[in-house]
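The structure appears below as structure tokens.
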Amino acid sequence: MVSVRPFTAADIPFGMSLVGQVGWNQRAEDWRRMLRLQPDGGLVAEWEGRPAGTVMVCLFEDVAWVSMMLVDAALRRRGLGRRLMEHALQFAESRGAQTVRLDATPLGQPLYEQLGFQADFPLERFVGQPRGGRRHPVVPCDPAAAAEWDRAITGTNRRRLLELLATEAPCWRLPNWQGYITYRLGGTAVQIGPCVAEDTAGPRLLEHVFDLFAGETVLLDIPCGHAAARALAEQCGLRPQRRLLRMTRGARVVERTDSLWASFGPEKG
């Protein structure tokens, strides 16, 4: 009755229909990016021969990220989410992953706990139309150099991701380095992040992008423990919308959340 098969580009319209059901921000381009990063990492659950759910897995060396765990609202509570996650974990571990991570919604958290995931830290999503007025001198940031900085803070080699993002939107840094920031367009809002930076650079990088998108709807995910980033978001006109919980199964990853001013988002941390 339930079967699981690979996700292909032909499944993107179905994936987008699930995004529409839950009101998430992804576009078709986000699904295509995930397939470019991990062509064999997507899965579709079928119920009685019809597509019913998705999950995407991407490996960054021995760290796997799980995302887009979605089940058609009309077919929930039939074990589809568990089957998808079990297949996703088997895939990640078969590729040598020592760590599997995800950002959990409250709906998915109980299942992830049953599958052995443990809480790392909560994040809060801030949404709104930022007030502008404070641009700072920034220069283009080479994604390979940004990846070195990113790895030191996140404990994960996300170079391939940052290289792909650089083909979609600018990656900036301050002239004296100390961090980087980028963004991507979404279906309902501009997703700001990652912003990975030291104390003095983080506010300047965020203010620069807030000014760039002044009056437009933006969102960013901030670790709940990062008081300075949360305060800056509120000062610039954004408000908390919902919380996510970063979770890990397997070897723990040391992540410097004090330098994580904005996460990439649930798809890749």
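Quick note: the coordinates plus some simple rules give every number you see, no bench work behind them. The model shown is predicted, which means the values in this text are computed figures rather than measured ones. Neighbour counts are summed over all protein chains in view; Cβ atoms, including those assigned to glycine, are modelled from backbone coordinates with ideal geometry.
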Using alpha carbons only, what's the Rg to Rh ratio of the chain with Rh from Kirkwood? 0.96
Scattering profile of segment 124-262 at q = 0.09, 0.11 Å⁻¹ [log10 I(q)/I(0), Debye over alpha-carbon scatterers]: -0.24, -0.36
Ratio Rg/Rh, restricted to segment 2-97 and using Cα atoms, in which Rh is the Kirkwood radius: 0.94
Of all the C-alpha pairs in segment 111-165, what % are more than 19 Å from each other? 62
Grab the Cα-Cα distance for Gln114 and Val254, subtract it from 0.36 nm times how many residues apart they are, and report the gain in nm with one decimal. 48.1 nm
On the formula 1/(1 + (r/R0)^6), with r taken between the Cβ atoms of Asn176 and Ala28 and R0 of 51 Å, the FRET efficiency rounded to 0.05 is 0.85
Linear extension gain, Arg36 paired with Leu185, 0.36 nm per residue minus alpha-carbon span: 51.9 nm
Ranked packing of 167-177, 152-162, most packed first, by mean Cβ within 10 Å: 152-162, 167-177
When you take every Cα atom in segment 1-57, what is the radius of gyration, and what is Dmax, the widest Cα pair distance, in Å? 10.9, 31
